[in-house]
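Working notes, beginning with the structure itself.
The values are calculated or read from the model by the stated rules, or taken from the named source; none is laboratory data. As the structure is a prediction and not an experimental result, all values here were calculated from the model. Counting neighbours? That spans all protein chains shown, and the Cβs are built from the backbone with ideal geometry, glycine included. Surface accessibility is based on the protein's heavy atoms, side chains included, excluding ligands, DNA and RNA. Shrake-Rupley method; radii C 1.70, N 1.55, O 1.52, S 1.80 Å.
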Amino acid sequence: MVFLGGQVLPGNVGRAILGPFADQRAVDALNHSLGVDRPLLVQYGSWIWNFLHGDMGTSYVFRAPVAPFVVDALGNSMKLALIAFVLVVPIGILGGVVAALNLNRPLDRIISLGGLSVTVLPEFVTGIILILIFGVWLRWLPIAAAWPKGAGFFTQIYYLILPSLPLFLVLFGYIARMARSGMIEALDSDYTRTAVLKGLPWRTVIWRHVLRNALLPTITVIATQTGYLIGGLVVIETLFRYQGIGSLIFTAARGKDFPMLEAGILTIGIVYAVATLVADFLYSVLNPRIRLGAEQ
Amino acid sequence: MSATDTPVGMPAPSAPDTAGRSPWGEVLHSLARSGTFLTGLFILLFWVVCALFGQHFVPYDPLASDIINALTPPAADHWFGTDQLGRDVFSRVIVGSRDILTVAPLATILATIAGTALGLVIGYFRGIVDDVISRVLEAFMAIPVVIIALLAIVALGTSKVTVIVVIGLSFAPIIARTVRSAVLAERELDYVAAAKLRHEGALHTMFVEILPNVIPPILVETTVRLGYAIFAVATLSFMGFGIQPPSPDWGLSISSNYGMIGGGFWWTVLFDALAIASLVIGVNLVADGVHGAFND
């Protein structure tokens, strides 16, 4: 059902964009040359048709095909998002697990309260504060994500650490909180008590019994954060002047470059649908109850 | 059949108004003893006072430029320094609370009214109405607010009203979902059956009978949403899609000054960032306190 929702989504967005804009363009000649004076449904149909064939249209601003811009931008955004994810998933889960194992002790308070505080702050606020600390005062990291041309893999990562940190901080709070409550629930359960009572070492209980059950909801949360992450990318890429899909949409929206805007949004919709699907898949791999239930 | 004319006397778990002051008194009592709530309230009230009266006690006119004294670092005569037009940053930060504290609460109120009405309708009628509207709401919730706002503002132009409507309507589905689940539980209770037996209309049953009993979850959700609304308003202003110049709004100030951050002019953005951070954290502490008070 989630997958279906994701599939319908880009269609809705596409229609939403096409609707108001087709009326708004007052210049008839331009409209005609761009083909936007055709009936909405025809436009929508041919747009989807072309998109599926790899033709995302022609940018109004650049007078060039949209596709290469979108592909480049998507690649850049994925790098950024990947670094944030690679950092936040293990650290966030570790934070939540450590907090749960130290329930109500100072360490738990620090992780929970700290996580909650950084999660609720807008990305550009944490971004600005991080830039000031690491970029301006300590001068450890570059303040813009524009690496020199032809930079190697590690140089690129070096430039992307600072931009990925605000995303990291927002996600950290969510993931740590979910991991923490999952852990608390699992630690409190009958099967954990049974495992302890039958004499298993504490380490084995945690690894084999508690963690496996505790982290299932966390995985769902991580997957649902993809949507958030995309919104966050728009802000972060603007702040750090990074040529990703977020700043592409932002620039296109400002310049009223509709083909670019539509292609960007539809791409995001597809990424979102794929991410949701992957999450569903992962969840069933990790949770035999769902997998076996489906087979029966 | 005595139940038909004494719906008021029916015991409901979440206390109708007529049950006297004690449930609400209890909530107020536990709020007054909650450190989280009081801290948050203090921060929030501080900024509300600044928004209402700040203009009368700040040392400089927040809009008056003084080019000769542009970009001076913090000192005795300009506590937080001056920005690139020589405007006093301290005065701007204090008065800058005004727009965000107008727009965000109005957006939250709109979201609450629309979300509550929608939630009551889909929770009360269930069936096909619920199925269809819930799917549409889910699709809506999957799109990041920033993206919705971007599209709406491109289509409608930038104004405070647009920002209020966009944020209000994108938060409404979330509130609707909360209200719906509360209504689903309430509609099975005897007092609703009693109202039906009295041949009360659907509207009367929804808004006069059920609504007072689902106020607690609505209140909790509203305070939580206010935090997110401030987050969203600040972000949109930073992106240039929200509050417009010459307002001394925080997000706007950051967006017009962060370009010079590499030059070491940290005071032009740091205090605005801290102001947003304190307000967002304050509102979230209040929300946390309210949540705790209703769920004890």
I'd like to know if the range B:94-105 contains one or more residues that are among the polar types (S, T, N, Q), surrounded by fewer than 19 Cβ atoms within 10 Å (Cβ to Cβ) and in contact (Cβ under 8 Å) with a residue 12 or more places away in the chain. yes
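For the structure I just gave you, tell me whether residue A:219 is under 26 Å from residue A:83 (Cα atoms) and more than 21 Å from the chain's Cα centre (by Cα).
Values: under 26 Å from residue A:83 (Cα atoms): yes; more than 21 Å from the chain's Cα centre (by Cα): no.
Here the answer is no, as residue A:219 does not meet what is asked.
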Pairs returned, first residue in the range A:220-235 that is within 17 Å of residue B:231 (Cα to Cα) and β-branched (Val, Ile, Thr), second residue that is at pLDDT 70 or above and not in a helix (DSSP H, G or I), beta-carbon separation under 6 angstrom, 6 or more apart or interchain, are A:230/B:144
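Quick check on residue A:247: is it modelled with pLDDT of 75 or more and within 14 Å of another protein chain (Cβ to nearest Cβ)?
Working: modelled with pLDDT of 75 or more: yes; within 14 Å of another protein chain (Cβ to nearest Cβ): yes.
Here the answer is yes, as residue A:247 does meet what is asked.
To keep it simple, each residue is scored yes or no on (1) part of a helix (DSSP H, G or I); (2) over 15 Å from residue B:101 (Cα atoms); (3) among the small types (Gly, Ala, Ser).
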site	(1), (2), (3)
B:199	no, yes, no
B:208	yes, yes, no
B:214	yes, yes, no
B:218	yes, yes, no
B:225	yes, no, no
B:238	yes, yes, no
B:255	yes, yes, yes
For the range B:257-286, which residues satisfy the criterion of being touching a residue at least 40 places away in the same chain (Cβ under 8 Å), surrounded by fewer than 24 Cβ atoms within 10 Å (Cβ to Cβ) and not hydrophobic (A, V, I, L, M, F, W, C)? B:257, B:278, B:282
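What number of residues within the range B:45-96 are touching a Gly at 6+ places or on another chain (Cβ under 6 Å) and either closer than 23 Å to residue B:280 by Cβ or among the basic types (Lys, Arg) (or both)? Outline the logic, then answer.
Restricting attention to the range B:45-96, the residues satisfying the condition of being touching a Gly at 6+ places or on another chain (Cβ under 6 Å) are B:65-67, B:69-70, B:72-74, B:89, B:94-95.
Filter again for either closer than 23 Å to residue B:280 by Cβ or among the basic types (Lys, Arg) (or both), leaving B:89, B:94-95.
Going through the range B:45-96 one residue at a time, the tally reaches 3.
If a residue has to be buried (at least 17 other Cβ atoms within 10 Å of the Cβ) and not polar (S, T, N, Q) to count, how many in the range B:65-93 make the cut? Reasoning before the result, please.
First, the residues of the range B:65-93 that are buried (at least 17 other Cβ atoms within 10 Å of the Cβ): B:71-72, B:78, B:80-83, B:86-93.
Imposing the further condition that a residue be not polar (S, T, N, Q) reduces the set to B:71, B:78, B:80-81, B:83, B:86-90, B:92-93.
Matching residues across the range B:65-93 total 12.
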I need every pair where a residue in the range B:139-150 that is on the phi > 0 side of the Ramachandran plot and modelled with pLDDT under 75 has its Cβ under 9 Å from the Cβ of a residue that is of a type in the set (A, V, I, L, M) and open to solvent by less than 20 Å² (accessible area, probe 1.4 Å), sequence separation at least 6 or different chains. none
Condition first: free of Cβ contacts under 8 Å to residues at least 60 places away in the same chain and either in contact with a strand residue (DSSP E or B) (Cβ under 7 Å, 6 or more places away or on another chain) or crowded, with 16+ Cβ neighbours inside 10 Å (or both). Can you find one or more residues in the range A:269-282 that meet it? yes
Considering only the range A:246-257, state which residues are over 17 Å from residue B:236 (Cα atoms) and open to solvent by 10 Å² or more (accessible area, probe 1.4 Å). A:256
Where the second residue is polar (S, T, N, Q) and part of a helix (DSSP H, G or I) and the first is more than 8 Å from chain B (Cβ to nearest Cβ) and open to solvent by less than 40 Å² (accessible area, probe 1.4 Å) and lies in the range A:106-133, which pairs have Cβ atoms under 8 Å and are six or more apart or on separate chains? A:118/A:126
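Determine which member of the set B:294, B:241, B:271 is in contact with a helix residue (DSSP H, G or I) (Cβ under 7 Å, 6 or more places away or on another chain) and at the interface with another protein chain (Cβ under 9 Å from one of its Cβ atoms). Don't jump to the end; show me each part of the working.
Working: B:294 fails: at the interface with another protein chain (Cβ under 9 Å from one of its Cβ atoms); B:271 fails: at the interface with another protein chain (Cβ under 9 Å from one of its Cβ atoms).
Criteria check complete, one pass: B:241.
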So the check is Cβ under 7 Å with 6+ separation or different chains; which pairs have a first residue in the range B:161-185 that's buried (at least 24 other Cβ atoms within 10 Å of the Cβ) and a second one that's of a type outside the set (A, V, I, L, M, F, W, C) and outside any helix (DSSP H, G or I)? B:163/B:242
Lone qualifier among A:155, A:192 - being open to solvent by 30 Å² or more (accessible area, probe 1.4 Å), in a helix (DSSP H, G or I) and not hydrophobic (A, V, I, L, M, F, W, C): A:155
If a residue must be within 14 Å of chain A (Cβ to nearest Cβ) and either polar (S, T, N, Q) or in a helix (DSSP H, G or I) (or both), how many such residues does the range B:153-164 contain? 6
Every pair of residues 6+ apart whose Cβ atoms lie under 6 Å, when the first sits in the range B:217-230 and is within 11 Å of another protein chain (Cβ to nearest Cβ) while the second is among the small types (Gly, Ala, Ser) and surrounded by 23 or more Cβ atoms within 10 Å (Cβ to Cβ): B:224/B:287; B:227/B:287; B:230/B:104
I'd like to check something: does the range B:188-209 contain any residue that is open to solvent by less than 40 Å² (accessible area, probe 1.4 Å) and either touching a strand residue (DSSP E or B) at 6+ places or on another chain (Cβ under 9 Å) or within 14 Å of another protein chain (Cβ to nearest Cβ) (or both)? no
If you check B:116, B:162, which single one turns out to be under 12 Å from residue B:218 (Cβ atoms), among the polar types (S, T, N, Q) and at pLDDT 85 or above? B:116
